[in-house]
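Remarks on the structure that follows.
The values are calculated or read from the model by the stated rules, or taken from the named source; none is laboratory data. All of these numbers come straight from a predicted model, not from anything done at the bench. Positions of Cβ are generated from backbone atoms using ideal geometry, with glycine treated the same way; all protein chains shown enter the neighbour counts.
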């Protein structure tokens, strides 16, 4: 119809012999036709793709939420089983919905044998002499039998592997210097001083320290918390610790999401007196904890605001982090199990070696100590790298399955 109106208008412009009445009549007809022409029907909306339909459903989820759900599904095969949690020393619940935990700690490696020579010129030991006065040669204090029975506990120093005694309140009953090596053994030599395995320690301390646990079964341990509702999400978590009279306690914690964004980070004031800040590894200094206001209970409350029953926590040797956080959680992925040592447990690859070998990134290089945030980012990148490798492997396998398998052609068989 629109083309017909344009045709009349062109005819009017070309024909100059028309009278004024005819011209007015044609213009009036054109206007009427234009006004009476119905509007073209509206174009039907194109169907939304499947992803847009999912995105437009209620409740609407941002693209990041969908990615986290896919990542959580890809990490399901790597979730530690209850047997693995027990074997790796994770705190596990005694009974369902309990706040008491129990954990199994493997016995430490045997002490190195140090060969000594007998002193043939040493004086003969005589009972009742000065050397048998009840005071040990290590300047230990005299203890009564009642104290030994009711209050004395035996501890194992995690640095020099010597036994020492304390009261249950954290008071030392034996006082002696702690001589130890802080470096690992590499090719029969300590990395800290390059001395041979079994040699005298190169570092000294006024106090022996312990981890807060003993070899074997520990528990029941109180003060643990657990999530009670699902919240989703995947987070990498790392903590730094210091030695107190109660063992290893939380000093700092960092949590990041899948994008590497900081979700939670704070310093924590320990509840017991501090014996060693462990600055070489933790990066914690006295002035840092002097300004800290958070307690362990505050951190537990903050974490349960976004950590739910289905939230996946990833970390390296994550059992140590959950111990100091006093957090009961079973949806965990440990890079120690994801990237196992070639010799198997109890050998583990360090986070520094994994980051350097797989990510090409040097971490824990600062002389100021480790950074919980840096370690958490390295853990998350290792997790994403593993998921990407498995995804590419599945795609390659699916492609190879689609290839046709041609049967060999044997002329003699076909002729028969």
Practice problem: Would you check which residues across segment 351-372 are at negative phi, touching a residue at least 60 places away in the same chain (Cβ under 8 Å) and either in contact with a helix residue (DSSP H, G or I) (Cβ under 8 Å, 6 or more places away or on another chain) or surrounded by fewer than 17 Cβ atoms within 10 Å (Cβ to Cβ) (or both) and list them? | Solution: 366, 368, 370
Quiz item: Checking residue 290 against (1) without any contact (Cβ under 8 Å) to a residue 24 or more places away in the chain; (2) assigned by TED's automatic domain parsing to the domain that holds residue 155, which single condition isn't satisfied?
Solution: (2)
Self-check item: All positions within segment 194-208 that are in contact (Cβ under 8 Å) with a residue 24 or more places away in the chain and in a loop (DSSP other than H, G, I, E, B)
Solution: 197, 198, 201, 206, 207, 208
Quiz item: Can you list the strands (runs of 3 or more DSSP E) found entirely within segment 209-264 that contain at least 1 residues being crowded, with 22+ Cβ neighbours inside 10 Å, in contact with a strand residue (DSSP E or B) (Cβ under 7 Å, 6 or more places away or on another chain) and at pLDDT 95 or above?
Solution: 234-244, 247-256
Quiz item: Right, residue 309: touching a helix residue (DSSP H, G or I) at 6+ places or on another chain (Cβ under 9 Å) and either crowded, with 18+ Cβ neighbours inside 10 Å or in a loop (DSSP other than H, G, I, E, B) (or both) or not?
Solution: no
Quiz item: Here are some conditions: (1) on the phi > 0 side of the Ramachandran plot; (2) touching a residue at least 12 places away in the same chain (Cβ under 8 Å). Residue 344 meets all but one. Which one does it not meet?
Solution: (2)
